[in-house]
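As C-alpha coordinates, the structure follows; a few thoughts come after it.
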Amino acid sequence: MDYAKIFRGALDTIRAEGRYRVFADLKRQRGEFPSAKQFTSEGTRPITVWCSNDYLGMGQNPEVLAAMHEAIDTVGAGSGGTRNISGTSHYHVELEREIADLHGKESALLFTSAYVANDATLSTLQKLIPGLVIFSDEKNHASMIEGIRRGGTKREIWRHNDVADLEARLQKYDRDTPKLIAFESVYSMDGHIAPIGAICDLAAKYNALTYLDEVHAVGMYGPRGGGIAERDGVMDRVDIINGTLAKGFGVMGGYIAATRDTCDAIRSYAPGFIFTTSVAPAVAAGALASIRYLKRSQIERARHQERARTLKRRLAEAGIPVVEGPSHIVPVIVGDPVHCKAVTDTLLDRYGIYVQPINYPTVPKGTERIRLTPSPQHTDAQMDHLVASLKELWERCPVAKGQYVRLAAE
(Lines give C-alpha, C1' and ligand atoms only; values in the text may rest on other atoms or scores of the structure.)
Protein backbone atom coordinates (compact mmCIF):
# COMPACT_ATOMS: atom_id res chain seq x y z
CA MET A 1 0.00 0.00 0.00
CA ASP A 2 1.51 3.32 -1.15
CA TYR A 3 0.09 5.68 1.50
CA ALA A 4 1.99 8.68 0.19
CA LYS A 5 0.50 8.15 -3.27
CA ILE A 6 -3.02 8.18 -1.79
CA PHE A 7 -2.44 11.53 -0.11
CA ARG A 8 -0.81 13.02 -3.22
CA GLY A 9 -3.71 11.79 -5.34
CA ALA A 10 -6.27 13.34 -3.04
CA LEU A 11 -4.46 16.68 -3.18
CA ASP A 12 -3.99 16.47 -6.95
CA THR A 13 -7.75 15.99 -7.32
CA ILE A 14 -8.72 19.18 -5.51
CA ARG A 15 -5.92 21.11 -7.24
CA ALA A 16 -7.26 20.01 -10.63
CA GLU A 17 -10.74 21.13 -9.61
CA GLY A 18 -9.44 24.53 -8.52
CA ARG A 19 -10.44 23.88 -4.91
CA TYR A 20 -7.02 23.66 -3.26
CA ARG A 21 -6.89 26.19 -0.45
CA VAL A 22 -3.89 28.31 0.45
CA PHE A 23 -3.74 30.09 3.79
CA ALA A 24 -2.84 33.77 3.73
CA ASP A 25 -0.08 34.44 6.26
CA LEU A 26 -1.40 37.54 8.02
CA LYS A 27 -0.76 39.60 11.11
CA ARG A 28 -3.55 41.91 12.17
CA GLN A 29 -2.55 45.31 13.49
CA ARG A 30 -4.01 46.25 16.84
CA GLY A 31 -6.25 49.29 16.60
CA GLU A 32 -6.07 49.41 12.80
CA PHE A 33 -8.62 46.79 11.75
CA PRO A 34 -9.32 45.96 8.91
CA SER A 35 -5.71 46.73 8.00
CA ALA A 36 -3.20 43.90 8.31
CA LYS A 37 0.22 42.79 7.12
CA GLN A 38 0.74 39.90 4.75
CA PHE A 39 3.90 37.84 5.05
CA THR A 40 5.38 36.72 1.72
CA SER A 41 8.70 35.30 0.54
CA GLU A 42 9.72 38.88 -0.23
CA GLY A 43 8.82 40.31 3.17
CA THR A 44 5.63 41.99 4.43
CA ARG A 45 3.18 44.34 2.81
CA PRO A 46 0.02 46.13 3.92
CA ILE A 47 -3.38 44.72 2.91
CA THR A 48 -7.04 45.34 3.70
CA VAL A 49 -9.10 42.41 4.97
CA TRP A 50 -12.55 42.13 3.40
CA CYS A 51 -13.53 38.62 4.49
CA SER A 52 -13.15 38.56 8.27
CA ASN A 53 -15.86 37.00 10.43
CA ASP A 54 -14.92 39.48 13.15
CA TYR A 55 -17.95 41.31 11.80
CA LEU A 56 -17.95 44.23 14.23
CA GLY A 57 -14.21 44.47 14.84
CA MET A 58 -14.72 43.52 18.48
CA GLY A 59 -11.42 41.64 18.44
CA GLN A 60 -9.84 45.10 18.64
CA ASN A 61 -12.22 46.64 21.17
CA PRO A 62 -10.30 48.26 24.07
CA GLU A 63 -12.67 46.88 26.74
CA VAL A 64 -12.26 43.35 25.38
CA LEU A 65 -8.48 43.62 25.26
CA ALA A 66 -8.30 45.09 28.75
CA ALA A 67 -10.42 42.23 30.14
CA MET A 68 -8.16 39.66 28.53
CA HIS A 69 -5.02 41.33 29.89
CA GLU A 70 -6.56 41.46 33.36
CA ALA A 71 -7.42 37.76 33.24
CA ILE A 72 -3.91 36.78 32.17
CA ASP A 73 -2.37 38.90 34.89
CA THR A 74 -4.77 37.44 37.48
CA VAL A 75 -4.91 33.72 36.70
CA GLY A 76 -2.35 33.00 33.96
CA ALA A 77 -2.69 31.43 30.54
CA GLY A 78 -4.51 28.08 30.27
CA SER A 79 -7.57 26.77 32.06
CA GLY A 80 -5.78 23.73 33.42
CA GLY A 81 -8.19 21.03 32.34
CA THR A 82 -11.65 19.99 31.26
CA ARG A 83 -14.65 21.65 32.85
CA ASN A 84 -15.07 18.56 35.06
CA ILE A 85 -11.43 18.49 36.19
CA SER A 86 -10.19 21.91 37.37
CA GLY A 87 -11.05 23.72 34.11
CA THR A 88 -13.99 25.77 35.36
CA SER A 89 -12.86 29.23 36.37
CA HIS A 90 -15.13 31.98 37.60
CA TYR A 91 -14.77 33.60 34.16
CA HIS A 92 -16.47 30.56 32.62
CA VAL A 93 -19.28 30.69 35.16
CA GLU A 94 -19.87 34.41 34.61
CA LEU A 95 -19.78 34.01 30.84
CA GLU A 96 -22.43 31.28 30.85
CA ARG A 97 -24.67 33.45 33.03
CA GLU A 98 -24.21 36.37 30.64
CA ILE A 99 -25.04 34.21 27.60
CA ALA A 100 -28.18 32.85 29.27
CA ASP A 101 -29.28 36.41 30.02
CA LEU A 102 -28.52 37.50 26.44
CA HIS A 103 -30.95 34.91 25.08
CA GLY A 104 -33.50 35.02 27.88
CA LYS A 105 -32.85 31.40 28.85
CA GLU A 106 -32.40 29.68 32.19
CA SER A 107 -28.93 28.41 31.40
CA ALA A 108 -26.09 28.25 28.89
CA LEU A 109 -23.22 25.88 28.20
CA LEU A 110 -19.84 26.97 26.87
CA PHE A 111 -17.91 24.97 24.25
CA THR A 112 -14.56 25.49 22.53
CA SER A 113 -16.33 26.41 19.29
CA ALA A 114 -19.82 26.68 17.82
CA TYR A 115 -18.93 23.76 15.54
CA VAL A 116 -18.30 21.56 18.57
CA ALA A 117 -21.43 22.90 20.26
CA ASN A 118 -23.60 21.96 17.27
CA ASP A 119 -21.98 18.58 16.72
CA ALA A 120 -22.02 17.58 20.38
CA THR A 121 -25.50 18.85 21.17
CA LEU A 122 -27.32 17.53 18.11
CA SER A 123 -25.71 14.09 18.34
CA THR A 124 -26.35 13.87 22.10
CA LEU A 125 -29.99 14.93 21.83
CA GLN A 126 -30.59 11.87 19.65
CA LYS A 127 -29.19 9.65 22.40
CA LEU A 128 -31.28 11.32 25.07
CA ILE A 129 -34.59 11.29 23.15
CA PRO A 130 -35.48 7.80 21.84
CA GLY A 131 -37.07 7.82 18.39
CA LEU A 132 -36.26 11.48 17.71
CA VAL A 133 -36.79 12.63 14.12
CA ILE A 134 -34.74 15.66 13.08
CA PHE A 135 -36.02 18.06 10.43
CA SER A 136 -32.97 19.83 8.99
CA ASP A 137 -32.91 22.77 6.57
CA GLU A 138 -31.03 21.70 3.44
CA LYS A 139 -28.56 24.58 3.78
CA ASN A 140 -27.62 23.97 7.40
CA HIS A 141 -23.97 24.33 8.37
CA ALA A 142 -21.59 21.36 8.17
CA SER A 143 -21.39 21.21 11.98
CA MET A 144 -25.15 20.69 12.24
CA ILE A 145 -25.12 18.11 9.46
CA GLU A 146 -22.30 16.21 11.16
CA GLY A 147 -24.03 16.20 14.53
CA ILE A 148 -27.28 15.01 12.99
CA ARG A 149 -25.51 12.25 11.07
CA ARG A 150 -23.54 11.04 14.07
CA GLY A 151 -26.69 10.73 16.15
CA GLY A 152 -27.95 8.11 13.75
CA THR A 153 -31.70 8.65 14.10
CA LYS A 154 -34.18 9.37 11.30
CA ARG A 155 -33.89 12.72 9.58
CA GLU A 156 -35.92 14.74 7.10
CA ILE A 157 -34.16 17.35 4.93
CA TRP A 158 -36.54 20.16 4.06
CA ARG A 159 -36.16 22.74 1.32
CA HIS A 160 -34.31 25.85 2.40
CA ASN A 161 -36.54 28.28 4.31
CA ASP A 162 -39.62 26.59 2.81
CA VAL A 163 -42.16 26.31 5.62
CA ALA A 164 -44.70 24.59 3.35
CA ASP A 165 -42.24 21.78 2.65
CA LEU A 166 -41.37 21.61 6.34
CA GLU A 167 -45.03 21.26 7.27
CA ALA A 168 -45.57 18.57 4.66
CA ARG A 169 -42.76 16.55 6.22
CA LEU A 170 -43.98 17.14 9.78
CA GLN A 171 -47.42 15.89 8.79
CA LYS A 172 -45.99 12.46 7.99
CA TYR A 173 -45.46 11.74 11.68
CA ASP A 174 -47.76 11.21 14.63
CA ARG A 175 -47.99 14.18 17.00
CA ASP A 176 -46.44 12.09 19.78
CA THR A 177 -43.36 11.22 17.69
CA PRO A 178 -40.41 13.15 19.14
CA LYS A 179 -39.33 15.83 16.65
CA LEU A 180 -36.68 18.55 16.43
CA ILE A 181 -36.50 21.28 13.78
CA ALA A 182 -32.90 22.40 13.20
CA PHE A 183 -32.19 25.57 11.23
CA GLU A 184 -30.11 28.76 11.13
CA SER A 185 -31.13 32.39 11.46
CA VAL A 186 -28.62 33.93 9.01
CA TYR A 187 -27.19 31.62 6.35
CA SER A 188 -23.61 32.71 5.96
CA MET A 189 -22.99 32.01 2.27
CA ASP A 190 -26.18 33.47 0.76
CA GLY A 191 -27.19 35.93 3.48
CA HIS A 192 -30.72 34.52 3.73
CA ILE A 193 -32.68 34.96 6.96
CA ALA A 194 -35.00 32.25 8.25
CA PRO A 195 -38.71 32.87 9.02
CA ILE A 196 -38.20 31.96 12.67
CA GLY A 197 -41.70 32.87 13.82
CA ALA A 198 -43.37 30.73 11.15
CA ILE A 199 -41.10 27.80 11.97
CA CYS A 200 -41.94 28.15 15.67
CA ASP A 201 -45.64 28.14 14.73
CA LEU A 202 -45.16 24.76 13.04
CA ALA A 203 -43.15 23.46 15.98
CA ALA A 204 -46.02 24.31 18.33
CA LYS A 205 -48.60 22.81 15.96
CA TYR A 206 -46.75 19.51 15.53
CA ASN A 207 -45.18 19.20 19.00
CA ALA A 208 -41.55 19.68 17.94
CA LEU A 209 -38.51 21.16 19.63
CA THR A 210 -36.68 23.98 17.85
CA TYR A 211 -32.90 24.24 17.50
CA LEU A 212 -31.67 27.55 16.11
CA ASP A 213 -28.11 28.33 15.02
CA GLU A 214 -27.59 32.11 15.51
CA VAL A 215 -23.85 32.01 14.81
CA HIS A 216 -23.93 34.69 12.09
CA ALA A 217 -26.40 36.90 13.96
CA VAL A 218 -25.40 37.14 17.64
CA GLY A 219 -23.96 40.50 18.51
CA MET A 220 -25.23 42.04 15.28
CA TYR A 221 -29.02 41.90 15.49
CA GLY A 222 -31.54 42.68 18.20
CA PRO A 223 -31.61 45.48 20.78
CA ARG A 224 -28.89 43.76 22.87
CA GLY A 225 -27.23 41.63 20.21
CA GLY A 226 -29.27 38.50 20.91
CA GLY A 227 -29.67 37.72 17.20
CA ILE A 228 -32.50 37.53 14.71
CA ALA A 229 -34.77 35.78 17.21
CA GLU A 230 -34.41 38.75 19.56
CA ARG A 231 -34.89 41.22 16.71
CA ASP A 232 -38.09 39.44 15.66
CA GLY A 233 -39.41 39.07 19.21
CA VAL A 234 -39.53 35.26 19.12
CA MET A 235 -36.53 34.33 21.26
CA ASP A 236 -38.73 32.85 23.98
CA ARG A 237 -40.29 30.46 21.46
CA VAL A 238 -36.99 28.84 20.47
CA ASP A 239 -36.02 25.88 22.66
CA ILE A 240 -32.26 25.69 22.05
CA ILE A 241 -30.10 28.48 20.65
CA ASN A 242 -26.58 27.89 19.38
CA GLY A 243 -24.17 30.80 19.09
CA THR A 244 -20.55 31.74 18.71
CA LEU A 245 -18.16 34.07 20.50
CA ALA A 246 -15.80 34.17 17.51
CA LYS A 247 -17.72 36.33 15.03
CA GLY A 248 -19.88 39.22 16.20
CA PHE A 249 -18.23 39.08 19.63
CA GLY A 250 -14.73 38.88 18.14
CA VAL A 251 -13.09 36.34 20.44
CA MET A 252 -13.42 32.52 20.44
CA GLY A 253 -15.76 29.75 21.59
CA GLY A 254 -19.31 28.54 21.09
CA TYR A 255 -22.34 27.78 23.24
CA ILE A 256 -25.90 26.66 23.58
CA ALA A 257 -28.59 28.42 25.61
CA ALA A 258 -31.73 26.61 26.76
CA THR A 259 -33.51 25.41 29.89
CA ARG A 260 -31.43 24.46 32.90
CA ASP A 261 -32.20 20.77 32.49
CA THR A 262 -31.40 20.79 28.77
CA CYS A 263 -27.97 22.34 29.31
CA ASP A 264 -27.31 20.08 32.28
CA ALA A 265 -28.17 16.97 30.27
CA ILE A 266 -25.83 17.97 27.43
CA ARG A 267 -23.14 18.83 29.99
CA SER A 268 -23.51 15.40 31.54
CA TYR A 269 -23.74 13.25 28.38
CA ALA A 270 -21.92 14.97 25.47
CA PRO A 271 -18.38 13.63 24.91
CA GLY A 272 -17.53 16.78 22.95
CA PHE A 273 -18.02 18.74 26.15
CA ILE A 274 -16.87 16.28 28.80
CA PHE A 275 -13.50 15.37 27.30
CA THR A 276 -12.34 18.76 25.98
CA THR A 277 -10.08 21.22 27.79
CA SER A 278 -12.05 24.39 28.43
CA VAL A 279 -11.26 27.69 26.74
CA ALA A 280 -8.54 29.78 28.37
CA PRO A 281 -9.74 32.12 31.12
CA ALA A 282 -8.50 35.12 29.14
CA VAL A 283 -10.67 34.06 26.21
CA ALA A 284 -13.71 33.69 28.47
CA ALA A 285 -13.00 37.08 30.03
CA GLY A 286 -12.72 38.74 26.62
CA ALA A 287 -15.97 37.18 25.41
CA LEU A 288 -17.70 38.21 28.62
CA ALA A 289 -16.57 41.83 28.14
CA SER A 290 -17.65 41.78 24.49
CA ILE A 291 -21.17 40.53 25.25
CA ARG A 292 -21.60 43.09 28.01
CA TYR A 293 -20.37 45.88 25.75
CA LEU A 294 -22.66 44.96 22.83
CA LYS A 295 -25.67 44.61 25.12
CA ARG A 296 -25.50 48.35 25.75
CA SER A 297 -23.89 49.79 22.59
CA GLN A 298 -25.89 50.27 19.39
CA ILE A 299 -23.22 52.15 17.41
CA GLU A 300 -21.46 49.10 16.03
CA ARG A 301 -24.67 47.40 14.88
CA ALA A 302 -26.02 50.53 13.18
CA ARG A 303 -22.74 51.28 11.41
CA HIS A 304 -22.38 47.64 10.37
CA GLN A 305 -25.78 47.58 8.69
CA GLU A 306 -25.10 50.88 6.93
CA ARG A 307 -21.76 49.61 5.58
CA ALA A 308 -23.38 46.42 4.25
CA ARG A 309 -26.21 48.31 2.55
CA THR A 310 -23.81 50.81 1.02
CA LEU A 311 -21.46 48.16 -0.33
CA LYS A 312 -24.30 46.16 -1.91
CA ARG A 313 -25.65 49.29 -3.57
CA ARG A 314 -22.27 50.37 -4.87
CA LEU A 315 -21.40 46.94 -6.24
CA ALA A 316 -24.75 46.74 -8.04
CA GLU A 317 -24.24 50.19 -9.52
CA ALA A 318 -20.82 49.09 -10.78
CA GLY A 319 -22.32 46.08 -12.54
CA ILE A 320 -20.79 43.51 -10.18
CA PRO A 321 -22.97 40.36 -9.73
CA VAL A 322 -23.69 40.89 -6.05
CA VAL A 323 -26.41 38.80 -4.42
CA GLU A 324 -29.03 41.02 -2.83
CA GLY A 325 -30.21 39.86 0.57
CA PRO A 326 -31.60 41.06 3.89
CA SER A 327 -28.48 40.41 5.98
CA HIS A 328 -24.95 41.78 6.31
CA ILE A 329 -23.45 39.07 4.08
CA VAL A 330 -22.33 40.36 0.65
CA PRO A 331 -21.77 37.47 -1.80
CA VAL A 332 -20.42 38.14 -5.30
CA ILE A 333 -20.97 35.20 -7.65
CA VAL A 334 -18.16 33.99 -9.91
CA GLY A 335 -19.49 30.53 -10.74
CA ASP A 336 -16.25 28.68 -11.42
CA PRO A 337 -13.62 27.50 -8.89
CA VAL A 338 -10.57 28.26 -11.04
CA HIS A 339 -11.84 31.73 -11.94
CA CYS A 340 -12.80 32.36 -8.32
CA LYS A 341 -9.29 31.54 -7.12
CA ALA A 342 -7.80 33.71 -9.85
CA VAL A 343 -10.01 36.64 -8.86
CA THR A 344 -8.96 36.48 -5.22
CA ASP A 345 -5.29 35.97 -6.13
CA THR A 346 -5.41 39.07 -8.32
CA LEU A 347 -7.17 41.13 -5.69
CA LEU A 348 -4.49 40.26 -3.15
CA ASP A 349 -1.41 40.41 -5.37
CA ARG A 350 -2.29 43.47 -7.41
CA TYR A 351 -4.64 45.50 -5.24
CA GLY A 352 -3.76 44.54 -1.66
CA ILE A 353 -7.32 43.31 -1.01
CA TYR A 354 -7.69 40.05 0.90
CA VAL A 355 -10.79 37.98 0.12
CA GLN A 356 -10.95 34.18 0.23
CA PRO A 357 -12.50 32.18 -2.62
CA ILE A 358 -15.57 30.23 -1.50
CA ASN A 359 -15.75 26.93 -3.36
CA TYR A 360 -17.32 23.47 -3.04
CA PRO A 361 -18.07 21.89 -0.57
CA THR A 362 -18.79 25.15 1.28
CA VAL A 363 -21.17 26.11 -1.56
CA PRO A 364 -22.63 23.98 -4.39
CA LYS A 365 -20.56 23.57 -7.53
CA GLY A 366 -21.34 26.29 -10.06
CA THR A 367 -22.06 28.87 -7.35
CA GLU A 368 -18.45 29.66 -6.40
CA ARG A 369 -18.14 33.15 -5.03
CA ILE A 370 -16.28 35.71 -3.05
CA ARG A 371 -17.92 36.62 0.24
CA LEU A 372 -17.41 40.20 1.39
CA THR A 373 -17.95 41.13 5.01
CA PRO A 374 -17.94 44.91 5.51
CA SER A 375 -17.36 46.01 9.08
CA PRO A 376 -18.05 49.25 10.93
CA GLN A 377 -14.34 50.03 10.57
CA HIS A 378 -14.19 49.86 6.76
CA THR A 379 -13.85 53.41 5.45
CA ASP A 380 -15.35 55.02 2.36
CA ALA A 381 -11.86 55.14 0.85
CA GLN A 382 -11.35 51.41 1.38
CA MET A 383 -14.76 50.74 -0.16
CA ASP A 384 -13.89 52.97 -3.13
CA HIS A 385 -10.74 50.92 -3.71
CA LEU A 386 -12.58 47.60 -3.45
CA VAL A 387 -15.38 48.56 -5.84
CA ALA A 388 -12.97 50.10 -8.37
CA SER A 389 -10.73 47.03 -8.26
CA LEU A 390 -13.61 44.61 -8.78
CA LYS A 391 -15.04 46.75 -11.56
CA GLU A 392 -11.70 46.70 -13.36
CA LEU A 393 -11.50 42.91 -13.08
CA TRP A 394 -15.05 42.41 -14.35
CA GLU A 395 -14.63 44.87 -17.24
CA ARG A 396 -11.28 43.49 -18.39
CA CYS A 397 -12.02 39.81 -17.94
CA PRO A 398 -15.68 38.82 -17.67
CA VAL A 399 -16.23 35.38 -16.21
CA ALA A 400 -17.95 34.23 -19.41
CA LYS A 401 -14.70 34.72 -21.33
CA GLY A 402 -12.78 32.51 -18.92
CA GLN A 403 -9.86 34.94 -18.76
CA TYR A 404 -9.32 35.34 -15.03
CA VAL A 405 -6.42 32.90 -15.04
CA ARG A 406 -4.48 34.96 -17.56
CA LEU A 407 -5.18 38.15 -15.64
CA ALA A 408 -3.96 36.63 -12.38
CA ALA A 409 -0.77 35.44 -14.04
CA GLU A 410 0.13 38.78 -15.62
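Observations, loosely collected:
- Subset tally (residues that are in contact with a strand residue (DSSP E or B) (Cβ under 8 Å, 6 or more places away or on another chain) and either assigned to a helix (DSSP H, G or I) or closer than 22 Å to R175 by Cβ (or both)) for segment 113-128: 10
- Lone unmet requirement of (1) closer than 25 Å to Y255 by Cβ; (2) touching a strand residue (DSSP E or B) at 6+ places or on another chain (Cβ under 9 Å); (3) of a type in the set (A, V, I, L, M) for L166: (1)
- Verdict on K5 being under 30 Å from S297 (Cβ atoms) and loosely packed, with under 11 Cβ neighbours inside 10 Å: no
- Filter result for the condition that a residue is touching a Pro at 6+ places or on another chain (Cβ under 8 Å) and either surrounded by fewer than 24 Cβ atoms within 10 Å (Cβ to Cβ) or not basic (K, R) (or both), over Y91, Y115: Y91
- Count of segment 196-237 residues which are aromatic (F, W, Y) and closer than 25 Å to R169 by Cβ: 2
- Pick from segment 10-49, criterion β-branched (V, I, T) and surrounded by 13 or more Cβ atoms within 10 Å (Cβ to Cβ), ranking: nearest to D336 (Cα to Cα): I14
For (1) at pLDDT 95 or above; (2) open to solvent by 40 Å² or more (accessible area, probe 1.4 Å); (3) among the acidic types (D, E), each residue gets a yes or a no:
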residue	(1), (2), (3)
T379	yes, yes, no
A388	yes, yes, no
E392	no, yes, yes
R396	no, yes, no
G402	no, no, no
V405	no, yes, no
A409	no, yes, no
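- Verdict on S327 being among the hydroxyl-bearing types (S, T, Y), in contact with a helix residue (DSSP H, G or I) (Cβ under 9 Å, 6 or more places away or on another chain), at pLDDT 95 or above and in a helix (DSSP H, G or I): no
- Filtering A302, A280, A342, A284 for residues that are of a type in the set (A, V, I, L, M, F, W, C) and surrounded by fewer than 23 Cβ atoms within 10 Å (Cβ to Cβ) leaves a single hit, A302.
- Candidates D73, D54, D101, filtered to the one that is without any contact (Cβ under 8 Å) to a residue 12 or more places away in the chain and either closer than 30 Å to T344 by Cβ or buried (at least 16 other Cβ atoms within 10 Å of the Cβ) (or both): D101
- Number of positions in segment 88-98 that are over 25 Å from the mean Cα position of the chain (by Cα), in contact (Cβ under 8 Å) with a residue 24 or more places away in the chain and part of a helix (DSSP H, G or I): 0
- Tabulated pairs, segment 1-24, first farther than 21 Å from Y354 by Cα, second assigned to a helix (DSSP H, G or I), C-beta under 8 angstrom, 6+ apart or interchain: E17/P337
- Criterion (in a loop (DSSP other than H, G, I, E, B) and of a type in the set (A, V, I, L, M, F, W, C)) met by exactly one of I85, I148: I85
- Just one of the listed residues (L109, L56) is closer than 30 Å to P376 by Cα and touching a Lys or Arg at 6+ places or on another chain (Cβ under 6 Å), namely L109.
The values are calculated or read from the model by the stated rules, or taken from the named source; none is laboratory data. Since the structure is predicted, the reported quantities are computational estimates derived from the model, not experimental observations. Here the Cβ is made from the backbone with ideal geometry for all residues, glycine too, and neighbour counts use every protein chain on show. Only protein heavy atoms, including side chains, enter the accessible area calculation; ligands, DNA and RNA are left aside. Shrake-Rupley method; radii C 1.70, N 1.55, O 1.52, S 1.80 Å.
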